[in-house]
1. Under the condition of being under 25 Å from residue B:275 (Cα atoms) and assigned to a helix (DSSP H, G or I), which residue from the range A:225-245 is nearest to the other protein chains (Cβ to nearest Cβ)?
2. Quick one: would you say residue B:77 is touching a helix residue (DSSP H, G or I) at 6+ places or on another chain (Cβ under 7 Å) and in the same structural domain as residue B:7 (by TED's automatic domain parsing)?
3. So which residues in the range B:101-132 are surrounded by fewer than 22 Cβ atoms within 10 Å (Cβ to Cβ), under 21 Å from residue B:272 (Cα atoms) and facing another protein chain (nearest Cβ under 7 Å)?
4. Can you confirm whether residue A:176 is crowded, with 17+ Cβ neighbours inside 10 Å, touching a residue at least 40 places away in the same chain (Cβ under 8 Å) and outside any helix (DSSP H, G or I)?
5. Can residue A:196 be described as surrounded by fewer than 10 Cβ atoms within 10 Å (Cβ to Cβ) and away from chain B (no Cβ under 13 Å)?
6. Looking only at the range B:87-100, count every residue that is modelled with pLDDT of 95 or more and either more than 19 Å from the chain's Cα centre (by Cα) or more than 10 Å from chain A (Cβ to nearest Cβ) (or both) and tell me the total.
7. Pick from A:174, A:156: which is modelled with pLDDT of 95 or more and in contact with a helix residue (DSSP H, G or I) (Cβ under 9 Å, 6 or more places away or on another chain)?
């Protein structure tokens, strides 16, 4: 079984992000980059399926040349090869899905695994859009994936409001990973060494002949409305009297 | 043109109140753009839902009532919604950013070739949508350049639309899908039953984090929640540890909430948790670490051991409330 898994290079999610003073974007100086955490979960799931079923896991990414590092970290976890479409341009979700569709059309994977959202743009759109462009079923926010014996279908548990939605999709399909699908492994030292020799097929976005003009354009960035810190109270009785007399919530 | 078409959610024959903030957005948006507010209801046996939906001042309620639409599937619902968007002269197709909307609306955007803005907080005079990015660390003015625009609306940022007199027009949407050719089948829905209100609908929320140390700690929170008939919430750390079910998670990757009163107990205040609750009207934090970032957003902070403070708080509030 050939599995595609997408990864995006994003700013370290544990670092506090600031807006540039002129509002033209976010300040990236001195900030580390990592694999989008949801994508890491998708990579782990792809590798687990591959360990049982055999075949190939291909890490696919779109981004600057620096994104080879994040592709390589997927290879270090156990994926067999990588594809990186290089561009420094901003792509919106339609543009990103357009590029991924082209790669899928060329490579014809049996399953596409993605993170449910990237933690920079926080869109949560590309998997769904890609599925529709390909005419595939989608199973988003997966917390459990079980492949059918014939590998033609997958049963997916989706985390939704108020419970779990159980669906069956025909493959190929797009499945997006939620937090509790699995715990991604750490790459082993031998894994990291092996990854250095695994192939990454790099190509320029401009060579693909696709129209990826953004339909969603970012203008001014601003800091969110900050909430003012209130007061500290010395003890529970003071807290209760404040809640009653000042906040009037009791 | 300039119409705003809202996809209404329903459950057990009733309109879900989570849709009301999206109705409010649609009225504002259509008003500013010289268009109309429309509603789309999709499903099966929708009689009571349609009656309810027609009470919010929509110019028209579009109804796609078909046995095949009984189980929710993004594939079938997106096809029907895209058709309704074309037929209704919609400029914007929107819904409150629930789990269903996050699944469905991007697929509609693909069908319409429409740009999409997720989880918007508002829009400005130019029609740019304000939306949070980087876990709410920044807000960006977002322009959608396509004729159709698709958005999900953050429910806590719009006052729920009030009921007005009923009597809007209704229009049937023709459903001509071959449901047998869908590549997805609904199997079953496993409901998490709770005596408590839904997080996104509760007036009071009592949330716990790592500091609760486990299920025992959450039992203390239950006692506090009982007084208010509050919902219980949790941080990602508490959910990851398996102390509470995952649908209780408040934060960037969980639910966005804005109750009248939010108790943050044993919660340090990670960026991604704050993103989900800092619109609450009154925030109370109890944490033994006085440096915890939660105190930067709390109206009332108490530096204390929660295992002592919470039982005391329960007794004191009971005295006051009688």
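The values are calculated or read from the model by the stated rules, or taken from the named source; none is laboratory data. Since we're looking at a predicted model, the values are computed, not measured. Reconstructed Cβ throughout: ideal geometry from the backbone, glycine too, with neighbour counts over all protein chains shown.
1. My answer is A:239.
2. Values: touching a helix residue (DSSP H, G or I) at 6+ places or on another chain (Cβ under 7 Å): yes; in the same structural domain as residue B:7 (by TED's automatic domain parsing): yes.
Against the criterion (touching a helix residue (DSSP H, G or I) at 6+ places or on another chain (Cβ under 7 Å) and in the same structural domain as residue B:7 (by TED's automatic domain parsing)), residue B:77 qualifies.
3. B:132
4. On the way: crowded, with 17+ Cβ neighbours inside 10 Å: yes; touching a residue at least 40 places away in the same chain (Cβ under 8 Å): yes; outside any helix (DSSP H, G or I): yes.
Yes: the conditions hold for residue A:176.
5. Details: surrounded by fewer than 10 Cβ atoms within 10 Å (Cβ to Cβ): yes; away from chain B (no Cβ under 13 Å): yes.
Yes: the conditions hold for residue A:196.
6. Number satisfying all stated conditions: 7.
7. On the way: A:156 fails: in contact with a helix residue (DSSP H, G or I) (Cβ under 9 Å, 6 or more places away or on another chain).
Checking each option against the conditions leaves just A:174.
Each row is one residue, and each column tells you yes or no for (1) in contact with a helix residue (DSSP H, G or I) (Cβ under 6 Å, 6 or more places away or on another chain); (2) touching a residue at least 60 places away in the same chain (Cβ under 8 Å); (3) surrounded by fewer than 21 Cβ atoms within 10 Å (Cβ to Cβ); (4) within 14 Å of another protein chain (Cβ to nearest Cβ).
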{"site": "A:4", "(1), (2), (3), (4)": "no, yes, no, no"}
{"site": "A:23", "(1), (2), (3), (4)": "no, yes, yes, yes"}
{"site": "A:29", "(1), (2), (3), (4)": "no, no, yes, no"}
{"site": "A:40", "(1), (2), (3), (4)": "no, yes, no, yes"}
{"site": "A:57", "(1), (2), (3), (4)": "yes, no, no, no"}
